[in-house]
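Just so it is clear, none of the values below were taken in a lab; they were calculated from the coordinates. All values derive from a computational prediction rather than experimental measurement. Glycine gets a Cβ as well: all are built from the backbone with ideal geometry, and neighbour counts include every protein chain shown.
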Amino acid sequence: MKPPSQPASVPTESPPPPAPALGWSRYPRIYGAMWRNSLVREMGFKANFLLWILVELLWFALQLSFFSVLYSHTDRIGDWTRWEVVLLVGASHFIQQMFQAFFLVNCAEISDLIHTGKLDFMLLLPVNTRFVLSLRKVDLGAFVNAASAAGVMAFALRELGRTPSAAQVGGFATLAAVGILIHYSLMFLLATISFWTVKAQGIVYGYYNLFNIARYPDAAYQGGFRRFFTFVIPMLLVSNVPVKVLAQRLTEPLDALWLLIAGVACAVVSEIGWRVSVRRYTSASS
């Protein structure tokens, strides 16, 4: 007897390949959406938006007035003349406001995100978590204050009789960006302390108060204090070195090199601290 024929095997259909992962090309669109959200949020509270711009402008004017009074009693602070210090104060305020525009609020809110459990949802988003934590909000009013600082810098350069070349302006912009990177890296690193403690906002804002050191000439500091805020926390370099490039008075190129090295080192340490801390995180409900 002929054995019954076996039913023809139906070829199994292989599962579809996984969709290609969306790469970094989508991040500009995501960041654009964050900007739109920030604009809507700021315009929803116009009075508050304008009030904070006014407060920052008054604070900036107070700083300039302080140095005006100081220079009514002396001609120099170290080897810094009056208008060089005005240029320094303007540059320091510019760097501070640009940092505030992009990073300050975001770094300050990390502690609350951790302890309210909102970080859980951010970790589930199909984007880099640090990207979202660092850039989700933009302080648009800070750009107005940064523009006022740039105006003061231009006026100080005119009073000094100096017209920086394109290379010097580019050098200033590059070193100012490195200064902003240092501020961001250190403040983000301090914010990750929230993974280990109850609250870290006081530490974060305590670092923000150190910005006051950056607006003074490095020649005003001596001894261990100057070395600490140059080589340990490079606060004196953040504003002084870019201004020296712009004012054509950078006599120690090693200062610029050290600022670049410090920027890279702070970014690396901040990333290591973030990765170690987030591995320890077990959600707010655990």
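So what is the relative contact order for region 192-240, in percent, with contacts set as C-alpha pairs under 8 Å and at least six apart? About 34 percent, as a whole number.
Net charge in the neighbourhood of residue 64 (other residues with Cβ under 14 Å of its Cβ; Lys, Arg +1, Asp, Glu -1) is -1. Below 12 Å, Cα to Cα, which aspartates and glutamates can residue 118 reach? Residues fewer than 8 away in the same chain don't count. Counting by Cα, and skipping residues close in sequence, residue 118 has these aspartates and glutamates nearby: 109.
Rounded to the nearest whole angstrom, the semi-axes of the ellipsoid equivalent to region 37-280, taken from the Cα gyration tensor as √(5λ), stand at 33, 21, 16, largest first.
Relative contact order of the chain: 24 percent, from C-alpha pairs under 8 Å at least 6 residues apart in sequence. In this rough spin-label picture, where each label sits 7 Å from Cα along the Cβ direction, the residue 51-residue 278 distance is 3.6 nm.
Of all aspartates and glutamates in the structure, those lying under 20 Å Cα to Cα from residue 46, and not within fewer than 8 positions of it along the same chain, are 56, 139.
Taking all Cα pairs closer than 8 Å and separated by 6 or more residues, the relative contact order of region 71-226 comes to 39 percent. Distance between the pseudo-spin-label points of residue 39 and residue 168 (7 Å out from Cα toward the beta carbon): 3.6 nm. What FRET efficiency would be calculated for the residue pair residue 69, residue 249, taking the C-beta separation as r and a Förster radius of 25 Å, to the nearest 0.05? Computed FRET efficiency for residue 69 and residue 249 comes out at 0.55. Annotation: peptides 133-146, 42-55, ranked by per-residue average of other Cβ atoms within 10 Å with the highest first, follow the order 133-146, 42-55.
The helix-based estimate of mean residue ellipticity at 222 nm for the chain, built from -39,500 (n - 2.57) per DSSP H run of four or more residues and divided by its residue count, is -21000 deg cm²/dmol to the nearest 500. Partners of residue 244 within straight-line reach, counting aspartates and glutamates whose Cα lies under 15 Å from its Cα and excluding those fewer than 8 residues away in the same chain: 79, 84, 218, 252, 255.
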